[in-house]
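Notes to accompany the following structure.
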Amino acid sequence: MLKTANIEELQNKKISKLLWQYALPAIVGTMVNALYNIIDRIYIGHGPNLGDHAIGGLGIVLPIMNLTAAVGMLVGAGSASRISICLGRGDKETAEKIIGNSFLLTILLTGTLVTGLFMFLDPILMRIGATEETFPYAKEFLLYYLPGNIFLTMCFNFNSMMRASGYPTKAMYTMLIGVIANIIIAPIFIFWLEWGIKGAAIATIISMFIGLCFVMYHFMNKNSMLRLRKKNIGLNPKIVWAIASIGMSPFFIQIAASIVVFFINHNLKTYGGNIAIEAYAIANTLVMIIIMIMVGLTQGMQPIVGYNYGAKRIERVKETLFYTIKVGVVVGCVGLVIGMLLPDLVVKPFNPSAPLAAETAKALRIVTIMLPLVGYQIVVTNFFQCIGMAGKSIFLSLTRQFLLLLPALFILPKIFGIDGVWYSLPTADFLATVLTAILFIWQVKSFKKMEASDRL
């Protein structure tokens, strides 16, 4: 068994302190992609000769940004989970092989995806809800953003592996560096150079690259517990499958989210026009932040659960799960209160017109209703991924997106118009939570059997 200070903490430190030690950096990491988009939207809302349609254009590109982030989830989350399990078993050599395979796999997958997006960019944008007014802004942003996406994907992946190998605080700082750089650089390009939405994209790419440099320095440093070694860079089929079998869960979650946003934007365009799409771009900011915090909690949970599950410490696994559920529900309650009672906190930073502000506030009060239940749902769904049961995690995620949300998007707008589009989101969340609870109860019973067997 590996005996470093960081690994000893995973074995013995108090769960509540340990979760926050790992979760805070993870929350920063998961929010980075969202924060880049949010920062750009806020600056664009105040930019010269831009306004509501430019905000709508950035909202339109979000499904594509989620799609590229899915590659990061596939490789990064899968690698981090496998590394935690390997460290729990004391297998450092395999953990470093996973790092090397992840490096090449990220380059190949991201390059393939970005090339495909460039080939069909115009029809994709129109399909996901771009209008005559928002299309130019969405296309201009992506023309500059997509080539540099490899920096964000690589940074996300290696940041996840840095957390899993016992460096959560360092992982947080490396991700914050990129966000802070974007906050500084973006206004220079947007306002001073007057590059508009092109400036937002270029600033984002530069910031991503700065963050990546700090992450890669860690894995090149001889003092790091796990290193990226030239001999391990390659594609070993067994290791690639080990990564993908766990990473498929968050990958499909992101893919499903991108597909569903396409249907949401299509319905918003049909029943509400530009103002509805632009309202969703702003309202979704709060929901996105809350969900990213929840996902960050689960990623902070991942090394604790993965290590102790690998070491067969089931009691600590259960304690971590139940504590994370409590925190996830509280985070959801905070989102609910903001959406219901303080919508101006979300709306005003984007400097929208009065009609857009009113539509956004109405949307916020609807789409945040079920956020406390979403906290429970996300924690339990990702818990299955943490213990290697990716099939259950994928099943729960895809059921929410496809079997519950898509039918709601088809039925409710026909009855309630634009309000039906908004109400379809909390409806699907409620039904998905019921299904998640059923599988959760079954798993808890399974743990009790495992504990009883270990005591014999």
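The values are calculated or read from the model by the stated rules, or taken from the named source; none is laboratory data. The shown structure was predicted, so the numbers you read here are calculated from the model rather than taken from an experiment. Every residue, glycine among them, receives a Cβ derived from its backbone with ideal geometry; neighbour counts consider all protein chains shown.
Listed values, structure above:
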read-out: Inter-residue pairs, beta-carbon under 8 Å, first closer than 16 Å to Gln302 by Cα and in segment 318-338, second part of a helix (DSSP H, G or I) and charged (D, E, K, R), 6+ apart; value: none
read-out: Complete set of residues in segment 111-166 that are of a type in the set (Asp, Glu) and out of contact with any helix residue (DSSP H, G or I) (no Cβ under 8 Å at 6 or more places or on another chain); value: Glu132
read-out: One residue from Ile233, Ile275, Ile264 being modelled with pLDDT of 85 or more, more than 19 Å from Gln377 (Cβ to Cβ) and either touching an Asp or Glu at 6+ places or on another chain (Cβ under 9 Å) or buried (at least 21 other Cβ atoms within 10 Å of the Cβ) (or both); value: Ile275
read-out: Test set (1) assigned to a helix (DSSP H, G or I); (2) farther than 26 Å from Ala437 by Cα - Thr320 fails condition number; value: (2)
read-out: Test result for Glu140, among the acidic types (Asp, Glu) and in contact (Cβ under 8 Å) with a residue 60 or more places away in the chain; value: yes
read-out: Counted residues, segment 361-381 - those being under 19 Å from the mean Cα position of the chain (by Cα) and in a helix (DSSP H, G or I); value: 12
read-out: Pick from segment 334-360, criterion out of contact with any helix residue (DSSP H, G or I) (no Cβ under 7 Å at 6 or more places or on another chain) and in a helix (DSSP H, G or I), ranking: nearest to Trp442 (Cα to Cα); value: Val334
read-out: Condition check for Ala171: over 30 Å from Asn308 (Cα atoms) and either charged (D, E, K, R) or in contact (Cβ under 8 Å) with a residue 24 or more places away in the chain (or both); value: no
read-out: Unique residue being within 20 Å of the chain's Cα centre (by Cα), in a helix (DSSP H, G or I) and within 30 Å of Pro303 (Cα to Cα) when the list is Met248, Met216; value: Met248
read-out: Segment 300-317, subset outside any loop (DSSP other than H, G, I, E, B) and aliphatic (A, V, I, L, M), residue farthest from Ala257 (Cα to Cα); value: Ile314
read-out: Only listed residue being in contact with an Asp or Glu (Cβ under 6 Å, 6 or more places away or on another chain) and either touching a residue at least 40 places away in the same chain (Cβ under 8 Å) or not aromatic (Phe, Trp, Tyr) (or both), chosen from Ile205, Ile197; value: Ile197
read-out: Options Thr106, Thr112, Thr131, Thr94; residue that is modelled with pLDDT of 85 or more and touching a Gly at 6+ places or on another chain (Cβ under 8 Å); value: Thr106
read-out: Filter pass, Val421 being surrounded by 14 or more Cβ atoms within 10 Å (Cβ to Cβ), modelled with pLDDT of 90 or more and over 18 Å from Asn308 (Cβ atoms); value: yes
read-out: Boolean, Gly57 is assigned to a helix (DSSP H, G or I), modelled with pLDDT of 75 or more and farther than 28 Å from Ile255 by Cβ; value: no
read-out: Criterion (of a type outside the set (D, E, K, R), assigned to a helix (DSSP H, G or I), under 22 Å from Met248 (Cβ atoms) and out of contact with any Gly (no Cβ under 9 Å at 6 or more places or on another chain)) met by exactly one of Phe402, Phe384; value: Phe402
read-out: Cβ-Cβ under 7 Å pairs, at least 6 apart or on other chains, segment 120-137 side touching a residue at least 24 places away in the same chain (Cβ under 8 Å), far side among the polar types (S, T, N, Q) and buried (at least 19 other Cβ atoms within 10 Å of the Cβ); value: Ile128/Asn265; Gly129/Asn265
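Table: residues versus (1) more than 27 Å from Gly78 (Cβ to Cβ); (2) in a helix (DSSP H, G or I); (3) touching a Cys at 6+ places or on another chain (Cβ under 9 Å).
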site	(1), (2), (3)
Ala257	no, yes, no
Val260	no, yes, no
Thr270	yes, yes, no
Glu278	yes, yes, no
Thr298	no, yes, yes
Thr324	no, yes, no
Gly332	no, yes, no
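To keep it simple, each residue is scored yes or no on (1) modelled with pLDDT of 90 or more; (2) not hydroxyl-bearing (Ser, Thr, Tyr).
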position	(1), (2)
Lys348	no, yes
Ser353	no, no
Leu356	no, yes
Pro372	yes, yes
